[in-house]
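We did not get these values from a lab; they are worked out from the coordinates using the rules stated. Quick caveat: nothing in here was measured; it's all calculated off a predicted structure. In this analysis, Cβ positions are derived from the backbone assuming ideal geometry, glycine residues included, and neighbour counts consider all displayed protein chains.
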Amino acid sequence: MAKITTSQWMRTYHRYLGFFLTGIMAVYAISGIILIFRNTDFLKKEYTTQKNIGQYIAANQLGKVLKNKRLKVEKEEGDVYYFKNGTYNKTSGEVIITQKRLPYVLDKMTHLHKAKSGERFYYLNIFFGMALLFFVVSAFWMYLPSTSIFRKGMYFTIIGILFTLILLFV
């Protein structure tokens with residue numbers, strides 16, 4: 001039985017991991033591009049929510065009741081509190097919130113892209129990051145070091161690393 005070389009092993013795993021991760025790579029690519037525009041209204045639709053949360057909630061408690069830590073009452077006129085993107089009528093208990101959100105599928109994609117350690121799929125981000133690191137390392141075993149393709153690849157590697165350093169520090 002022939003011995004499998006490191007180069008053959010790396011190429012095989014690089015190939016099949018690449019095929020396996022095609023879908024998630026597309027999701028991360030699309031959501032990454034969309035996240036560039038997160039501070040704009042690009043592709044966002046306006047949604048208005050109206051509900052009754054109870055009467056006479058204090059201004060400093062409104063954020064807690066609405067589960068929004070950043071909510072700050074900007075002004076109060078009569079029985080109405082005004083905050084960014086909404087109002088609360090303390091007499092009727094009615095709150096109206098207007099938000100701009102991405103369409104459902106794009107919202108799910110960007111949420112997955114930004115998953116934090118306390119969220120449901122954070123381990124997927126860890127796995128995906130490790131897979132990308134494997135692609136970086138395994139790429140150097142795709143061609144024999146004595147070939148011209150490998151030497152040209154090394155030039156592109158050096159240029160890519162320099163480009164990355166320039167982007168990071170300039």
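Between F20 and M154, what is 0.36 nm times their sequence separation minus the Cα-Cα distance? Round to one decimal in nm.
Details: separation 134, 0.36 × 134 = 48.24 nm, distance 2.67 nm.
Gain on extension, F20 to M154, equals 45.6 nm.
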Cut-off 15 Å between beta-carbons: net charge of the residues surrounding I126, Lys and Arg +1, Asp and Glu -1:
+2
Those lysines that a straight Cα-Cα span of less than 21 Å connects to K108, excepting residues fewer than 8 apart in one chain
K44, K45, K67, K100, K116
Over the Cα atoms of region 45-101, what is the Rg over Rh ratio if Rh follows Kirkwood?
0.94
Could you compute how fast region 23-118 diffuses translationally, taking Rh as the Kirkwood radius over C-alpha pairs and applying Stokes-Einstein at 4 °C with viscosity 1.567 mPa s? Give it in µm² per second.
85
Work out the FRET efficiency for N60 and T91 from their Cβ-Cβ distance, taking R0 = 22 Å, and round it to the nearest 0.05.
0.75
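For the chain, what does the relative contact order come out to in percent, with C-alpha contacts under 8 Å and a separation of six or more?
Details: 149 pairs, mean separation 41.6, N = 170.
Taking the mean separation of contacting Cα pairs over the length of the chain, I get 24 percent.
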Can you give the angle from 0 to 90° between the axis of helix 22-36 and the longest principal axis of the chain, with both taken from C-alpha atoms, to the nearest 10?
50
Which distance in nm do the two modelled labels at K44 and L144 give, with both placed 7 Å along the Cα-to-Cβ direction?
5.6
Choose one answer from F127, F156, F83: the residue with the largest mean-square fluctuation in a GNM of the chain with alpha-carbon springs under 10 Å.
F156
Can you give the angle from 0 to 90° between the axis of helix 104-113 and the longest principal axis of the chain, with both taken from C-alpha atoms, to the nearest 10?
60
Note, region 134-147: 3J(HN,Hα) by Karplus (6.51, -1.76, 1.60, θ = phi - 60°), whole Hz, Gly/Pro = x, goes 4, 4, 4, 6, 5, 4, 6, 9, 6, 10, 5, x, 7, 8
On a 0 to 90° scale, report how tilted helix 6-20 is relative to the longest principal axis of the chain, with both axes built from alpha carbons and the result rounded to the nearest 10.
30
